Amino acid sequence: MWTNNVRPVLVLGLGNPIMGDDGVGIIALERFRERYGEHDGVELMDGGTWGMNLLPWIESAGKLLLVDAIRAGLAPGADVFLDGPDLPRVLGQKLSAHQVDIVDVLTLAQVRGTLPADTVALGVEPLLVEMRRDLTPAVSAGTDRLPDRMAAQLRAWGIDVAPLLPAHA
């Protein structure tokens, strides 16, 4: 997994970009990279729809930040924040095929006592999860806010995250 004994923060983007609003986590991860770059002690990972293959990564993380489209019964595009021991259960509201897998992975890590104590899920309420390459307008606006929300969570965990300076022409 990691090259040394340091247990980094794992930022895990989840979803499927060809399923409309389900692509939120992957898109937000890339936008975070563009706005904030890479940081020591933080692993940015496209978890896509990897399912159980994510277990070793999750179990070896010091802190876990999940980024995804999350059904919470809110208006489409609304910000969603979840944390605490009930997180696997709350995420159990099926959004798409990948979410069943992540719930199983988180539940297994929890049962094994290896789920990072600091686990947070940030997301956006989806509207349409169907075969399409673009996000709906409200979800797109929520996805634009996600990188800054991710940075705020990392700062709350003591990671010095600042926007990249714009390139000079």
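Annotations
- Leu164 paired with Arg112, simple spin-label distance in nm, labels 7 Å along Cα-to-beta-carbon: 3.4
- Other-chain or far-sequence residues with amide H under 5 Å of Ile70's (modelled H): Val124, Glu125
- Nitroxide proxy distance, nm - points 7 Å out along Cα→Cβ at Ile18 and Ser140: 2.1
- Relative contact order of the chain, pairs being alpha-carbon contacts under 8 Å that are 6 or more residues apart, as %: 32
- For Asp118, the residues 5 or more places off, or on other chains, whose built amide H falls under 5 Å of its own are Leu64.
- Contour minus Cα-Cα distance for Met52 and Phe81 (0.36 nm per residue): 8.1 nm
- Simple Cβ-charge dipole of the chain, Lys/Arg +1 and Asp/Glu -1, about Cα centre, in debye nearest 20: 120
- Per-residue 3J(HN,Hα) values for segment 110-125, derived from phi via the Karplus relation 6.51 cos²θ - 1.76 cosθ + 1.60 with θ = phi - 60°, read 5, 4, 7, x, 10, 5, x, 4, 9, 10, 10, 10, 10, x, 9, 5 Hz in sequence order (x marks Gly and Pro).
Laboratory data are not the source of any read-out in this text; all were calculated from the coordinates shown. Predicted, not measured: the structure shown is a model, and the values here were computed from it. Backbone-built Cβ (ideal geometry, glycine too); neighbour counts: all protein chains shown.
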